[in-house]
Amino acid sequence: MPPPGGPGSRNPFKGKPALAVGAAVAALLVIGGSVWAVTASGGDDEKDKKPVVAKTDDPKPSGSKGGAPVDPGDGSGDGGEDPEDLNEGRQAGESKVLWYKEAPDAPGSGADADGMWITGKAAVKAAYKQVFAYNVGDGKPAWEPIAFPEKICAVTPDKTADDKIVVAYMSGSSDRAKCNKLQEIDLATGQKGWSEEVADGDLFDSTLSLELSLSGNTMMVGRSQSGTAYDVKSGKKLYEKKKYGDACFPAGFAGSANKLVQVASCGAGGNNAHDELQGLDPKTGKVLWTYKYEKGWRIARAYSVDPLVVYATNEDKKVWNISSFTSGGKVQEQVGVDEDFAPECGWAILERDLQGCTGVAVAAGTLYLPTEATSGANEIVAINLTTGKEKWRTKSPADESMMPLKIEGDQLIAYVQPSYDAGGQIVSIPTGGSSHQPAKLLQNPQGVADIENSFYSKDIDWVDGRFFISSTRLTGNDESKEKLMLAYGK
């Protein structure tokens, strides 16, 4: 989490200026109860910088139309009909609602609905105690929902190359229940694969919560102070990552197709308290390199693993830092763009959630970040990771913020947020050349804007010309039906 406000001057790498956070953040941290990413630059001359807040977990009631979706999220409806006629009045050039699903009932305290995996045929979604699958084109059930005896507490954020995922669910419903049951699922068929139970670690190293990360065929299961690697194809345990050196405990993992990094918390509470970043061999767990951050710095997010781009904060000095690393674990460069950026980052309380940010993309040595806009349009800024300097920027084509989604070829795909009376957009932005004007790929209908706009805590994806949006948190509100998932297309 970003530090509570005030200027600062230190950074984790000696001899370079730090980046400061505005003073109003502290009050917002307590009152808003949301997680955000903040950026500014300069040091003591930045005292008047305003903070950036990008809310992501704001549990609010469903919108008006959002209370009565097309058919139940339990897969019982055929999904091919549109009894509410959500496409009524659709204007020329607007996309259409392909299908729309409501969420299963959740307890009054709310429930997680983490994960959304899109294959060539199915859109798969976890919600509370179930995993649902819908045909991408018409929303009809792709396979029967999978029910678990207790709530799902962690998922692999990505799917494997052969369309498998792993979910973790609780051992029971009491306060002493642990998040320690693993189940592999084949997204193509809905069949359950291997299952395992994660053992507790040493004293104070619990499985009250877990984090799952994928790197090729290796899945890292992160506890509070250690990690266990499994072969995601067989469920076989590969190796353990435990305490090492000067009281260094693994605190988080992040993976890509063939890279794996570990963050460790060292010397907690002592004079030598610091974070360390390590590159690991995903197959063996062997440490390939170690980078030690200076005391006071907390490694908060990995915007990318390959190439490695890390966001860190210093709560005492009220500063932050974004740095790119070489494949050998050396600092390549620090971002020095004087701008307020606002990627959307989820909660990271019990665990680091290193890969929990959306609205950020990295490819071909370039980092793409959205600027913060208090009102009206924002911009996406392209930053050269070799120099840390701005390459170009482009403004949102609407009076709403635009967020990077992914890179497809030489195009940056971005999502323009909806408003209460205007649907969102999917746009493509040329990454090369001299013009970076957004070109519209999909204009979502105005008639469904209130539904699209009321996904407060959400996951989004653009796959094969279809746009998917789903809730990541269910409020448990009994007064109206909650939304689970919405799909748009031509």
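Worth pointing out:
- Solvent-accessible area per residue in segment 99-141 equals 30 Å², computed with a 1.4 angstrom probe and all protein chains kept.
- Label-point gap, in nm, between A268 and W194 - each point 7 angstrom along Cα→Cβ: 3.0
- Rounded Å value of the spacing that divides the Cα centres of segment 201-219 and segment 356-425: 32
- Pairs from K259/K440; K192/K406; K242/K458; K406/K440 whose Cα-Cα separation, in the structure shown, is over 24 Å: K259/K440; K192/K406; K242/K458
- Convex hull of Cα atoms in segment 177-285, direction-averaged projection (nm²): 7.3
- Nearest-0.05 FRET efficiency for N258 and K121, computed from C-beta distance (R0 22 Å): 0.25
- A Förster radius of 56 Å, combined with the Cβ-Cβ distance separating E144 from D338, puts the computed FRET efficiency at roughly 0.55.
- Residue-span extension gain [Y420 to E240] - 0.36 nm each, minus C-alpha spacing: 59.9 nm
- Surface exposure of segment 328-416, expressed per residue as accessible area with a 1.4 Å probe, stands at 39 Å².
- Normalised convex hull volume, segment 281-321, alpha-carbon set, Å³ per residue: 82
- Cα-based Rg / Dmax (Å) for segment 245-394: 15.6, 50
- Separation of the alpha carbons by more than 21 angstrom is noted, of K129/K490; K243/K295; K164/K237; K121/K481, for K129/K490; K121/K481.
The values are calculated or read from the model by the stated rules, or taken from the named source; none is laboratory data. Every value quoted in this text rests on a predicted model; they were computed, and no experiment measured them. Using ideal geometry, Cβ is built from the backbone for each residue, glycine included, and neighbour counts are taken over all protein chains shown. The accessibility values were calculated without ligands, DNA or RNA, using every heavy atom of the protein model including side chains. Shrake-Rupley method; radii C 1.70, N 1.55, O 1.52, S 1.80 Å.
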